[in-house]
Amino acid sequence: MSIEVRDARVEEAPVIRALLEEHALAAFGEPELSEEEVRSWFSIPKLWIQVAERDGALVGYLDVRDEEGGRFDADARTLHPEVAPALLIAAEEHVRGRVASPVLRGYVQGDEPVLRDVFEAHGWRPIRHSFQMRIELTDDLPE
């Protein structure tokens, strides 16, 4: 079983959305995307989109955004521990040589079950933690 990281195709948006939904449910218990949103990513300048494929099935997602000034943001998603290293290596290879001293930042969401350990095993280190709150605004706001 080999894992291939390759360019994603816009026509794969439904499968990519399903993969990301599965990951979102595992990481923080709720869905997050529509197929239209995934399709829109293919038109974002400086966004490199990859998928990991194993035995004909998509098992991972990666995008790397060039944020200027030598900083790159990587968003990797998979629920398969054996796929995550391939995604991180692809991100690292993508930014290597683009600028003199690139800074590659990755993100781990919620109770993400795979990537936190893989990031650390590959020498990445946490730089900050953030918090998010979701509230339902059903009444008028106080004046």
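The values are calculated or read from the model by the stated rules, or taken from the named source; none is laboratory data. Keep in mind that what you see is a predicted model, and the values were worked out from it rather than measured. Here the Cβ positions follow ideal geometry from the backbone for every residue, glycine too, while neighbour counts run over all protein chains shown. When the accessible area is computed, the model is the full protein with side chains, heavy atoms only, and any ligands, DNA or RNA have been set aside. Shrake-Rupley method; radii C 1.70, N 1.55, O 1.52, S 1.80 Å.
If the segment from Val103 to Arg116 were pulled out straight at 0.36 nm per residue, it would be longer than the present Cα-Cα gap by 2.9 nm. Qualifying GluC sites (Glu not before Pro) in the range 47-86, where qualification requires a DSSP coil assignment and no more than 13 other C-beta atoms within 10 Å, comprise Glu67, Glu68.
Of all GluC sites (Glu not before Pro) in the range 1-38, which ones are in loop regions per DSSP and have a Cβ with at most 16 other Cβ atoms within 10 Å?
Glu32
On the protein heavy atoms, probe 1.4 angstrom, tell me the percent of accessible surface of the chain carried by carbon and sulfur. Ligands and nucleic acids excluded, carbon and sulfur reach 49 percent.
Taken per residue, the accessible surface of the chain reaches 64 Å², heavy atoms only and a 1.4 Å probe. Accessible-area rank, largest first, for Ile127, Ile16: Ile127, Ile16, with all protein chains present and a 1.4 angstrom probe. Note on Kirkwood radius over Cα pairs in Å: of the candidates (i) 16.3; (ii) 15.7; (iii) 15.3, the value calculated from this structure sits at (i).
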